[in-house]
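These notes are about the structure you will find just below.
The values are calculated or read from the model by the stated rules, or taken from the named source; none is laboratory data. A quick note: this is a predicted structure, and the numbers were derived from the prediction, not measured. When we count neighbours, we look across all protein chains shown, and the Cβ atoms used for this are built from the backbone with ideal geometry, even at glycine.
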């Protein structure tokens, strides 16, 4: 038997570690693009910014991934379309929540979605503990406060529901077949089409510098994060990435401190520590092998090690 495929598999980092790395890369992009996008809210409005950056991200993904339309069954198309609709709704609702609420509270409400996914699909007590620890960290990062806006909370909870569906669909689309990456390009295109009515009326008002910012935000805040999220869910599970998504608010807080000069209190530091511990825990246990290393033959048959 040719053992080269097995050697290649053994040489790769553990799946949990790669999933955490993918989510971290996506988180850096999402949080960096949020600052870029927010600078255009006043002139264009959050729905238009969300719509136009989705459209530009779809163009970039089509150019680089060149998705095929043929050879897909009804179930595959259903998942692709649903994934795209959820992406559009998630973006629009979160940006509307940010208009009404402090960023920390909006992001905390948003993270309730993947946190619930991680809890519901936990198979062991320790897996639920990591999800709860991540949620506690996000709440600490948001900080105490009596700010309540019913409309903002409704948008935030709606975004959280969409984030939960996004987490589940990332695994479904990611593990569907070998064309999962090109399927993502189709889903982002669907998201762009769904949100197009919000962006089209503002196209004439977008300046040349703003087009550049929208393109940058679309690449680092949509194209790259959605790609790595799908890959992370493909090699792990919705449960694992649901916990790892707690990296997003923690990364946002760190970027605000490092780049924007925002204050970082002890509660935020404690929250970041909780998120880091939860991420390390879920990554460590996701990476632990169930038994001795198995080899994979050229015909994809699993062969147990010789005794």
So residue 89, is it surrounded by 18 or more Cβ atoms within 10 Å (Cβ to Cβ), within 17 Å of the chain's Cα centre (by Cα) and modelled with pLDDT of 90 or more: yes
What are the residue pairs meeting all of these: first residue in the range 104-127, first residue under 22 Å from residue 30 (Cβ atoms), second residue assigned to a loop (DSSP other than H, G, I, E, B), Cβ atoms under 7 Å, and 6 or more apart or on different chains? 104/143; 105/147; 111/245; 111/246; 114/245
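Yes or no, residue by residue, for (1) at pLDDT 85 or above; (2) more than 22 Å from residue 203 (Cβ to Cβ):
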residue: 5; (1), (2): no, yes
residue: 17; (1), (2): no, yes
residue: 29; (1), (2): yes, yes
residue: 38; (1), (2): no, no
residue: 47; (1), (2): yes, no
residue: 53; (1), (2): yes, no
residue: 61; (1), (2): yes, no
residue: 67; (1), (2): yes, yes
Yes/no for residue 201 being closer than 28 Å to residue 47 by Cβ, at pLDDT 80 or above and surrounded by 18 or more Cβ atoms within 10 Å (Cβ to Cβ): no
Within the range 153-161, identify whether any single residue is modelled with pLDDT under 90, surrounded by fewer than 18 Cβ atoms within 10 Å (Cβ to Cβ), outside any helix (DSSP H, G or I) and out of contact with any strand residue (DSSP E or B) (no Cβ under 6 Å at 6 or more places or on another chain), and answer yes or no. no
For the range 283-301, does any single residue satisfy the condition of being at pLDDT 80 or above and surrounded by 21 or more Cβ atoms within 10 Å (Cβ to Cβ)? no
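Every residue, every condition in (1) free of Cβ contacts under 8 Å to residues at least 24 places away in the same chain; (2) surrounded by fewer than 17 Cβ atoms within 10 Å (Cβ to Cβ); (3) touching a strand residue (DSSP E or B) at 6+ places or on another chain (Cβ under 9 Å); (4) closer than 25 Å to residue 202 by Cα, yes or no:
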site: 73; (1), (2), (3), (4): yes, yes, no, no
site: 101; (1), (2), (3), (4): no, no, no, yes
site: 130; (1), (2), (3), (4): no, no, no, no
site: 139; (1), (2), (3), (4): no, no, no, no
